[in-house]
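Asks: Quick one: structure below, then a few questions.
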Amino acid sequence: MSTEETVTIIDDATGKEVKLPLYTPTAGPKVIDIGKLYKELGYFTYDPGFMSTASCSSAITFLDGDEGVLQYRGYPIDQLAEQSSYLEVCFLLLTNRLPKKEELEEFVSTVTNHTMLHEAMIRFFSGFRRDAHPMAIMVGVVGALAAFYHDHMDIHNEEHRMITAHRLVAKMPTIAAMSYRYANGKPFVYPKNHLSYTENFLYMMFSMPSEDYTPDPLLAKALDLIMILHADHEQNASTSTVRLAGSSDANPFAAVASGIAALWGPAHGGANEAVVRMLIDINESGKPLQAFVDRAKDKSDSFRLMGFGHRVYKNYDPRAKLIREICHQLLNDMEATGEQQKLLETAMALEKVALEDEYFVQRNLYPNVDFYSGIIFLAMGIPMNMFTVIFAMARTIGWISQWNEMMTDSEAKIGRPRQLYNGAIDLDYVPIDKR
Ligand code: ACO
């Protein structure tokens with residue numbers, strides 16, 4: 001990275017000046033390179049939650065939170081949602097270009113032909129408690145891929161990294177569906193190669209050996225769209241976790257398992273489950289929506305409006321806009337039940353009340369990607385504890401593309417943040433009988 005521009009930092013205490021390089025990205029704010037600050041001034045910087053810190057340089061996803069812009073490899077998300085497919089987006093994220101027709105066919109065929117799990121891996125599932133959360137199962141089983149697929153695992157070999165990426169994209173729906181089947185006491189269903197990626201997932205989730213099952217193309221299409229919208233989102237908590245774990249040259253399946261763990265939290269990917277639970281609570285309570293908005297504003301109450309707010313978007317999340325449309329369309333097309341329609345109505349009414357509320361206006365709190373996605377999943381017959389699993393399935397391509405990019409970045413180093421220590425120092429050990 002080269003730059004002509006600099007920023008001068010003056011230490012008020014000593015008067016010492018340090019010139020730091022200022023980089024201009026292709027889009028987004030300029031970035032100060034503080035790498036030599038400690039060497040020059042002896043100071044660290046302090047930025048909990050990375051509010052102003054770029055942890056890496058990346059050419060995969062761009063988002064402008066003020067304008068509500070999201071692009072994968074330079075292509076706007078709405079164009080991809082309208083014209084592309086999830087697997088084509090996977091190719092794009094991984095390789096940095098749209099595939100030619102034959103290339104896409106070959107990629108789809110590779111993914112389709114690697115959806116099976118090693119039979120010994122399937123026995124892994126039976127070690128989990130029957131009532132385990134599918135995300136807990138997924139963290140364990142994806143980590144276990146490291147133990148089963150360590151052939152072709154030279155992480156410094158580009159071809160091997162591609163094989164790893166293909167394996168992950170191919171096997172995630174199988175692992176996700178098996179996590180659900182196990183937790184519900186249903187027999188595992190093996191993938192069928194004549195089905196599309198999302199049809200196959202629905203087939204592995206919902207078919208029973210005793211009955212014929214044809215995945216609904218409407219649901220498969222909606223799921224494909226949702227997967228596109230969740231495929232990557234630059235340096236969010238789970239992606240940063242994958243990068244950090246992978247920065248020590250750890251096994252990439254293990255690094256992705258750590259990303260799944262980070263995604264699980266309700267402040268991140270777990271919010272889609274939390275939103276639906278909140279909407280159901282609202283409907284059951286019979287209380288006015290304002291009562292819930294007021295609780296969310298009350299700092300002494302830990303309740304927050306789930307599916308609202310975002311670290312980067314200070315405008316409407318473009319994914320939420322698209323998902324709201326899909327939600328409307330799908331619920332109409334499939335003649336959803338009154339209960340499902342009621343959830344959507346409550347969500348839209350809640351959005352309206354919140355967006356007109358001074359507290360939410362002042363803080364630029366808008367619906368995020370999770371606000372409407374849970375309602376769609378529920379209408380598809382997907383149970384609540386599987387919502388974040390589907391998010392993880394879709395985000396896998398983002399995680400592995402970002403990991404792959406890091407592996408080729410000559411400036412990448414093992415991630416090792418510094419700290420502002422404010423604990424005790426230089427104490428003398430007190431023997432236990434003297435304390
Ligand atoms: N409800 C009520 N108040 C909120 C909400 C919310 N959902 N989100 C933010 N705020 C308030 C905060 O209390 C804070 O108020 P203050 O300035 O008076 O202290 C202000 O808005 C700024 O919020 P922060 O928490 O500082 O923002 P941060 O960037 O750290 O957090 C987060 C972003 C975690 C997404 C937050 O908005 C939140 O918890 N939202 C609900 C959970 C959710 O939907 N998560 C999914 C995010 S999308 C994704 O990960 C896929």
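The values are calculated or read from the model by the stated rules, or taken from the named source; none is laboratory data. Every value quoted in this text rests on a predicted model; they were computed, and no experiment measured them. Cβ sites come from the backbone with ideal geometry, for glycine too, and all protein chains shown count toward neighbours. Remember, those area values only see protein heavy atoms, side chains included, never the ligands or the DNA or RNA. Shrake-Rupley method; radii C 1.70, N 1.55, O 1.52, S 1.80 Å.
Asks: Taking only the stretch 215-235 into account, find how many residues are among the acidic types (Asp, Glu) and closer than 19 Å to residue 74 by Cα.
Replies: Within the stretch 215-235, residues that are among the acidic types (Asp, Glu) and closer than 19 Å to residue 74 by Cα number 2.
Asks: Does residue 70 satisfy being in contact (Cβ under 8 Å) with a residue 60 or more places away in the chain, open to solvent by less than 50 Å² (accessible area, probe 1.4 Å) and of a type outside the set (Val, Ile, Thr)?
Replies: yes
Asks: Given the criteria open to solvent by 10 Å² or more (accessible area, probe 1.4 Å), of a type outside the set (Gly, Ala, Ser) and free of Cβ contacts under 8 Å to residues at least 24 places away in the same chain, does residue 209 qualify? Don't jump to the end; show me each part of the working.
Replies: Numbers: open to solvent by 10 Å² or more (accessible area, probe 1.4 Å): yes; of a type outside the set (Gly, Ala, Ser): yes; free of Cβ contacts under 8 Å to residues at least 24 places away in the same chain: yes.
It is true that residue 209 is open to solvent by 10 Å² or more (accessible area, probe 1.4 Å), of a type outside the set (Gly, Ala, Ser) and free of Cβ contacts under 8 Å to residues at least 24 places away in the same chain.
Asks: Taking interchain pairs and intrachain pairs at least six residues apart, which have beta carbon atoms under 6 angstrom, with the first residue in the stretch 263-276 and within 11 Å of residue 387 (Cα to Cα) and the second among the aliphatic types (A, V, I, L, M) and near the ligand (Cβ under 9 Å from one of its atoms)?
Replies: The qualifying pairs are 269/263; 271/306; 274/306; 275/306.
Asks: Same structure again: Working only within the stretch 1-15, note down all residues that are within 13 Å of residue 38 (Cα to Cα) and of a type outside the set (A, V, I, L, M).
Replies: Filtering the stretch 1-15 down to residues within 13 Å of residue 38 (Cα to Cα) leaves 9, 11.
Passing the criteria: only 11.
Asks: Something else now. Does the stretch 277-293 contain any residue that is away from the ligand (no atom under 11 Å from the Cβ), surrounded by fewer than 21 Cβ atoms within 10 Å (Cβ to Cβ), touching a residue at least 24 places away in the same chain (Cβ under 8 Å) and hydroxyl-bearing (Ser, Thr, Tyr)? Before you say what the answer is, go through the steps one by one.
Replies: Residues of the stretch 277-293 that are away from the ligand (no atom under 11 Å from the Cβ), as a first pass: 277, 279-291.
Those still in the list that are surrounded by fewer than 21 Cβ atoms within 10 Å (Cβ to Cβ) too: 277, 280-291.
Then drop every residue that is not touching a residue at least 24 places away in the same chain (Cβ under 8 Å), which leaves 277, 280, 282-283, 289-290.
When the remaining residues are screened for being hydroxyl-bearing (Ser, Thr, Tyr), the result is none.
The answer is no, given that none of the residues of the stretch 277-293 is away from the ligand (no atom under 11 Å from the Cβ), surrounded by fewer than 21 Cβ atoms within 10 Å (Cβ to Cβ), touching a residue at least 24 places away in the same chain (Cβ under 8 Å) and hydroxyl-bearing (Ser, Thr, Tyr).
Asks: Please work out which residue is nearest to the ligand (Cβ to nearest atom), limiting yourself to the stretch 294-310 and to residues that are surrounded by 14 or more Cβ atoms within 10 Å (Cβ to Cβ) and among the basic types (Lys, Arg).
Replies: Let us first name the residues in the stretch 294-310 that are surrounded by 14 or more Cβ atoms within 10 Å (Cβ to Cβ), namely 294-297, 304-310.
If we keep only those that are among the basic types (Lys, Arg) as well, we get 295, 297, 304.
Details: 295: 9, 297: 7, 304: 4 Å.
Among those that are surrounded by 14 or more Cβ atoms within 10 Å (Cβ to Cβ) and among the basic types (Lys, Arg), it is 304.
Asks: Against the condition under 14 Å from residue 86 (Cβ atoms), surrounded by fewer than 20 Cβ atoms within 10 Å (Cβ to Cβ) and either modelled with pLDDT under 95 or more than 15 Å from the ligand (Cβ to nearest atom) (or both), how does residue 195 come out, does it pass?
Replies: yes
Asks: Look at the stretch 123-151 and say how many of its residues are outside any helix (DSSP H, G or I) and in contact (Cβ under 8 Å) with a residue 60 or more places away in the chain.
Replies: 3
Asks: Continuing with the same structure: Take the residues in the stretch 22-56 that are touching a residue at least 12 places away in the same chain (Cβ under 8 Å) and small (Gly, Ala, Ser); name whichever of them is farthest from residue 73 (Cα to Cα).
Replies: Among them, the one singled out is 49.
Asks: Can I ask one more? Of all residues in the stretch 34-45, count the ones that are in a loop (DSSP other than H, G, I, E, B) and either touching a Lys or Arg at 6+ places or on another chain (Cβ under 9 Å) or open to solvent by less than 50 Å² (accessible area, probe 1.4 Å) (or both).
Replies: Looking only at that region, the number is 3.
Asks: Also, I was wondering about something else. Please report, ordered by residue number, the helices (runs of 4 or more DSSP H) entirely within the stretch 353-435 with at least 1 residues that are touching a strand residue (DSSP E or B) at 6+ places or on another chain (Cβ under 9 Å) and more than 11 Å from the ligand (Cβ to nearest atom).
Replies: Here the list reads 387-407.
Asks: Checking the structure you have, find out if any residue of the stretch 249-262 is under 22 Å from the mean Cα position of the chain (by Cα) and among the acidic types (Asp, Glu).
Replies: Yes, there is a match, as at least one residue in the stretch 249-262 is under 22 Å from the mean Cα position of the chain (by Cα) and among the acidic types (Asp, Glu).
Asks: Still on this structure: From the list 339, 335, 356, which residue is without any contact (Cβ under 8 Å) to a residue 40 or more places away in the chain, within 27 Å of residue 315 (Cα to Cα) and open to solvent by 10 Å² or more (accessible area, probe 1.4 Å)? Before the answer, list the steps.
Replies: Working: 339 fails: within 27 Å of residue 315 (Cα to Cα); 335 fails: within 27 Å of residue 315 (Cα to Cα).
That would be 356, the only listed residue that is without any contact (Cβ under 8 Å) to a residue 40 or more places away in the chain, within 27 Å of residue 315 (Cα to Cα) and open to solvent by 10 Å² or more (accessible area, probe 1.4 Å).
Asks: Give just the number: which of (1) surrounded by 20 or more Cβ atoms within 10 Å (Cβ to Cβ); (2) within 12 Å of the ligand (Cβ to nearest atom); (3) at pLDDT 95 or above does residue 260 not satisfy?
Replies: Evaluating residue 260 over (1) surrounded by 20 or more Cβ atoms within 10 Å (Cβ to Cβ); (2) within 12 Å of the ligand (Cβ to nearest atom); (3) at pLDDT 95 or above leaves (2) as the failure.
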